[in-house]
Amino acid sequence: MIIVYNLAESPKHFAALKSALSGISQKVLTQQLRELMTDGLVNREPRGAVPAPVVYSLSDYGKSVLPLVEEVRVWGRTHMERPTSDDDR
């Protein structure tokens, strides 16, 4: 979800996306991007000569999930300060 959220802002090169997602390894980011591409949510576009820089962007299908991502973001922000208790579990 965080990858989709970051790509919603603008298309990004792999390095820019990795930088925006602090703590994610190159291997995990690569795996997640491949899954998102397989699911049709993310586009991968080589630009230039080999080795081509690659830009990742949301597909139209990927953009259709943005309202859900935004709702989860708002929900998370709303409940960040919520105290936890044993009664809530």
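The values are calculated or read from the model by the stated rules, or taken from the named source; none is laboratory data. Keep in mind that what you see is a predicted model, and the values were worked out from it rather than measured. Positions of Cβ are backbone-derived with ideal geometry, glycine not excepted, and every protein chain shown enters the neighbour counts. When the accessible area is computed, the model is the full protein with side chains, heavy atoms only, and any ligands, DNA or RNA have been set aside. Shrake-Rupley method; radii C 1.70, N 1.55, O 1.52, S 1.80 Å.
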key: Condition met for THR30 (β-branched (Val, Ile, Thr), open to solvent by less than 50 Å² (accessible area, probe 1.4 Å), without any contact (Cβ under 8 Å) to a residue 40 or more places away in the chain and assigned to a helix (DSSP H, G or I))   = yes
task = Might you check whether a residue that is on the phi > 0 side of the Ramachandran plot and either open to solvent by 30 Å² or more (accessible area, probe 1.4 Å) or at pLDDT below 85 (or both) occurs anywhere in the range 42-64?
result = yes
key: Out of VAL55, VAL72, sole residue that is in contact (Cβ under 8 Å) with a residue 24 or more places away in the chain, out of contact with any helix residue (DSSP H, G or I) (no Cβ under 8 Å at 6 or more places or on another chain) and not in a helix (DSSP H, G or I)   = VAL55
remark   = Residue hits (the range 58-69; in contact (Cβ under 8 Å) with a residue 40 or more places away in the chain and small (Gly, Ala, Ser)) are GLY62
inquiry  = One residue is enough: does the range 4-23 have a residue meeting the conditions surrounded by 11 or more Cβ atoms within 10 Å (Cβ to Cβ) and more than 13 Å from the chain's Cα centre (by Cα)?
reply    = yes
